[in-house]
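J.: Here it is, the structure in full.
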Amino acid sequence: MPWQPLSDWTHRHVLDLAAFSLDDYATVLELAQRFRSLPSGGARRLPALQGRLMTTLFFEPSTRTRSSFELAAKRLSADVLSFAPSASSLSKGESLLDTARTYVAMGAELLVVRHRCAGVPAGLAAALDRAGERVAVLNAGDGLHSHPSQGLLDLFTLARHFNPVAPTPAALRGRRIVIVGDVLHSRVARSNLWALTACGAEVVLCGPPTLLPAAFAAFVAAPPPGQARDPVAARGPLRLVRSLEEALAGADAVMTLRLQKERMHQHLLSGLESYHRLYGLSHERLRSCAEAVPVLHPGPVNRGVEMTGDLLDDADRCLVQEQVLNGIPVRMALLYLLASGLTAV
């Protein structure tokens, strides 16, 4: 793919999918499909980001997100630096901003940031903008707020499932997508709510009241935080259902979420066995859905809790490995677009 700066891409940073328009989703999916369609054999590097430097600033553990961002950058011929908090000057009192500016001084133009606190990537992006730094920040997950690249790769995975030839936002229109489980603690669920409803899907949330407060029914009803209006003119409907059997009826796809015990500071569940009995997915449970309805999970999966091991290992029904695979072209697309925006400055 020749390097072509994209003048219609308006995002300096990618911090939250609430700011994405339908055209933005279409652009990411189209680019991801092009990258996904490249031959798997032979030379696998493209020269698109040759000479550019990406740094991953991860303040939380990660396997899939960090590895796929680094692989995506390398496949675009970018140089990559990985940051490890325990081996950095943060232990000597250096601030996060000063750490980031150190990497920028080394030539980093793309900063991929993950942090346990919501708003850190956005705050870092704003501070770097005020300082006049020529750098793009990509949120790789911040607290309970957002995980935009995961939301986009989930969207791409579903679009490819429904229309492998043309995985566009239109492939989601009118589809009923069920999201089950720990929505309260899930930044992935929040990003998926913005993405799926933007593409016209009907989203059904299901879970116990302690993990799915009733307020989520209005999650996409108001303009996104910090924006005067919603960039999407008409979103798909969003509703809450407590019964998993009722939620699964007529579903076109099901996403189950990890129980994030590390974020739970109160006793929100009576036990894992009772949770699995009420909300765990299995082949038996999925019989109420359409035939061969796909199952997604952002990972890592707690076997026997969010879904049975047999379902997780069923490649015909479970798209977890496909999600991992699709994370690479989607993140290639995001890096390409952000670098394009820097070129246009």
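J.: Just checking, which of 156, 83, 162 is more than 24 Å from residue 224 (Cα to Cα), among the aromatic types (Phe, Trp, Tyr) and at pLDDT 95 or above? Before you say what the answer is, go through the steps one by one.
T.: On the way: 156 fails: more than 24 Å from residue 224 (Cα to Cα); 83 fails: at pLDDT 95 or above.
None of the other options fit; the residue is 162.
J.: Condition check: buried (at least 20 other Cβ atoms within 10 Å of the Cβ) and not assigned by TED's automatic domain parsing to the domain that holds residue 157. Does residue 307 satisfy that?
T.: Values: buried (at least 20 other Cβ atoms within 10 Å of the Cβ): yes; not assigned by TED's automatic domain parsing to the domain that holds residue 157: no.
So residue 307 does not fit the description; no.
J.: Tally up the residues in the stretch 153-168 that are under 14 Å from residue 17 (Cβ atoms) and hydrophobic (A, V, I, L, M, F, W, C), please.
T.: Taking the stretch 153-168 and keeping what is under 14 Å from residue 17 (Cβ atoms), we get 153-156.
Keeping just the survivors that are hydrophobic (A, V, I, L, M, F, W, C) gives 153, 155-156.
Number satisfying all stated conditions: 3.
J.: Could I ask something else about it? Could you grab me the full set of residues in the stretch 91-132 that are surrounded by fewer than 17 Cβ atoms within 10 Å (Cβ to Cβ) and under 14 Å from residue 53 (Cβ atoms)?
T.: 102, 105, 106, 107
J.: Restricting to the stretch 133-174, and then to whatever is among the charged types (D, E, K, R) and crowded, with 22+ Cβ neighbours inside 10 Å, can you tell me which residue is nearest to residue 198 (Cα to Cα)? Talk me through it step by step, then tell me what you get.
T.: Initial filter on the stretch 133-174 (among the charged types (D, E, K, R)): 133-134, 142, 154, 160, 173.
Filter once more, keeping what is crowded, with 22+ Cβ neighbours inside 10 Å: 142, 154.
Details: 142: 21, 154: 14 Å.
Only one residue tops the list, namely 154.
J.: Moving to a separate point now. Checking residue 256 against (1) in contact with a Gly (Cβ under 7 Å, 6 or more places away or on another chain); (2) polar (S, T, N, Q); (3) modelled with pLDDT under 95, which test does it fail?
T.: Single failed check for residue 256: (3).
J.: Being of a type in the set (A, V, I, L, M), within 17 Å of residue 207 (Cβ to Cβ) and at pLDDT 90 or above narrows it down to one residue among 269, 281; which is it? Let's see the steps before the verdict.
T.: Values: 269 fails: at pLDDT 90 or above.
Going through 269, 281 in turn, the sole match is 281.
J.: If you don't mind, there's one more thing I want to ask. Go through (1) modelled with pLDDT of 95 or more; (2) in the same structural domain as residue 307 (by TED's automatic domain parsing) and name the single condition residue 185 misses.
T.: With respect to (1) modelled with pLDDT of 95 or more; (2) in the same structural domain as residue 307 (by TED's automatic domain parsing), residue 185 is out only on (1).
J.: Sticking with this one: Condition first: closer than 19 Å to residue 201 by Cα and assigned to a helix (DSSP H, G or I). Now tell me which residues in the stretch 13-41 satisfy that.
T.: 17, 18, 19, 22, 23, 24, 25, 26, 27, 28, 29, 30, listed by residue number.
J.: Quick test for you: out of 187, 173, pick the one residue that is in contact (Cβ under 8 Å) with a residue 12 or more places away in the chain and over 16 Å from the mean Cα position of the chain (by Cα). Outline the logic, then answer.
T.: Values: 187 fails: over 16 Å from the mean Cα position of the chain (by Cα).
The unique qualifying residue is 173.
J.: Taking the options 207, 181, 236, name whichever one is farther than 20 Å from residue 302 by Cβ and not hydroxyl-bearing (Ser, Thr, Tyr).
T.: Values: 207 fails: farther than 20 Å from residue 302 by Cβ; 181 fails: farther than 20 Å from residue 302 by Cβ.
Going through 207, 181, 236 in turn, just one is farther than 20 Å from residue 302 by Cβ and not hydroxyl-bearing (Ser, Thr, Tyr): 236.
J.: Given the criteria surrounded by 14 or more Cβ atoms within 10 Å (Cβ to Cβ) and not small (Gly, Ala, Ser), does residue 36 qualify?
T.: Values: surrounded by 14 or more Cβ atoms within 10 Å (Cβ to Cβ): yes; not small (Gly, Ala, Ser): yes.
Spelling it out, residue 36 is indeed surrounded by 14 or more Cβ atoms within 10 Å (Cβ to Cβ) and not small (Gly, Ala, Ser).
J.: Applying the selection to the stretch 295-312, what residues are within 19 Å of residue 63 (Cβ to Cβ) and charged (D, E, K, R)?
T.: Result: 303, 306.
J.: Report yes if some residue within the stretch 326-340 is basic (Lys, Arg), crowded, with 17+ Cβ neighbours inside 10 Å and modelled with pLDDT of 95 or more; otherwise report no. Walk me through it before giving the result.
T.: Within the stretch 326-340, the first condition is being basic (Lys, Arg), and the residues that meet it are 331.
So of that shortlist, the ones also crowded, with 17+ Cβ neighbours inside 10 Å come out as 331.
Retained after the next criterion (residues that are modelled with pLDDT of 95 or more): 331.
The answer is yes, given that some residue of the stretch 326-340 is basic (Lys, Arg), crowded, with 17+ Cβ neighbours inside 10 Å and modelled with pLDDT of 95 or more.
The values are calculated or read from the model by the stated rules, or taken from the named source; none is laboratory data. Owing to the predicted nature of the structure, the values given are computational and were not obtained by experimental measurement. Here the Cβ is made from the backbone with ideal geometry for all residues, glycine too, and neighbour counts use every protein chain on show.
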